[in-house]
Amino acid sequence: MSGTASAQQLLEYPETVLSGDLSAELPNPLERCRRLCYERSGCAGFDHASATNTCRMFTSVTSARLSRGSFASTRQAVSGYHAPVNLPPPLLPQPSQSAWLHNGSVMVLHQKPKEDGSSEIEIVYDVPKNQLLKVGIRPGSTLFKGTLADGSLFGNARLTSSRCGIIQYEVQGVFDPLSLVPFFLRGAAPKRGRDCNIESWSTTGENANLRFDPQ
């Protein structure tokens, strides 16, 4: 989070008075006080007392404290005090994507950051190998959808059959989006019978050990 005001605004602290190096004290309405400080590069901040209509201008601000009926603004966030009410929230990293190879198919990994620091992850087919086209997998089909949190990637993989359709099962692994090294998503994969019902689960084989190599 940035602690500096933009060119269009000062940081605002309602119900607050400042301490620091005072440069001027004069009777002025709040908006006039705000404009005077904004227009003077040497003004580090000001506070305004509504009861007396008094404006105090500061060349430096060292601290702040709560005070009913007062209003303060500064160019930089006051150290050790609560956050200003008009400081914009930090910008989230933008969604990204990367290319991977999986069992003969070219995949695209989509990463969408969330406010809590985790990310939504979806891995889709970009260029499926020919055998997968026969079971209905097409470019854009999802193989995995889940969450990346603290380096752990977990969610549901999708197993597609031309006869039985799609079935999902849980997988997890370790993934660092900044390090382009192979990674695995592992879990017990379902095995379906002729009636398409699940007959057993297996932790061996390609479906239970999904490997991704950077392209």
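The values are calculated or read from the model by the stated rules, or taken from the named source; none is laboratory data. Only a predicted model underlies this, so the values are computations on that prediction, with no experimental measurement involved. Here Cβ is always computed from backbone atoms with ideal geometry, including for glycine, and neighbour counts include all displayed protein chains. Protein only, heavy atoms only, side chains kept; ligands, DNA and RNA dropped before computing areas. Shrake-Rupley method; radii C 1.70, N 1.55, O 1.52, S 1.80 Å.
What to note about this one:
- Residues that are outside any strand (DSSP E or B), polar (S, T, N, Q) and open to solvent by less than 20 Å² (accessible area, probe 1.4 Å), drawn from the range 94-149: S118
- Restricting L153, L143, L185 to those that are among the aliphatic types (A, V, I, L, M), in contact with a Phe, Trp or Tyr (Cβ under 6 Å, 6 or more places away or on another chain) and closer than 18 Å to L109 by Cβ reduces the list to L153.
- The residues of the range 170-180 that are of a type in the set (G, A, S) and assigned to a loop (DSSP other than H, G, I, E, B) amount to a single one, S179.
- Among the criteria (1) open to solvent by 60 Å² or more (accessible area, probe 1.4 Å); (2) without any contact (Cβ under 8 Å) to a residue 40 or more places away in the chain; (3) not acidic (D, E), the one F46 does not fulfil is (1).
- Residues being in contact (Cβ under 8 Å) with a residue 60 or more places away in the chain and either touching a Gly at 6+ places or on another chain (Cβ under 8 Å) or closer than 23 Å to L133 by Cα (or both) - total across the range 157-215: 7
- Selection of the range 150-179 for residues being of a type in the set (A, V, I, L, M, F, W, C) and exposed (fewer than 15 other Cβ atoms within 10 Å of the Cβ) yields I166, V174, L178.
- Here the range 181-215 is the region considered, the condition is being small (G, A, S) and part of a strand (DSSP E or B), and the residue that is most open to solvent (accessible area, probe 1.4 Å) is S200.
- Number of residues in the range 71-86 that are among the polar types (S, T, N, Q), open to solvent by less than 40 Å² (accessible area, probe 1.4 Å) and closer than 17 Å to L36 by Cα: the value is 2.
- Candidate set from the range 12-43 (those that are in a strand (DSSP E or B) and closer than 12 Å to F71 by Cβ); member that is most open to solvent (accessible area, probe 1.4 Å): E15
- Count - residues of the range 123-150 that are free of Cβ contacts under 8 Å to residues at least 40 places away in the same chain and either touching a helix residue (DSSP H, G or I) at 6+ places or on another chain (Cβ under 8 Å) or under 23 Å from C164 (Cβ atoms) (or both): 19
- The set of residues from the range 53-70 being open to solvent by less than 70 Å² (accessible area, probe 1.4 Å) and of a type in the set (V, I, T) comprises T54, V61.
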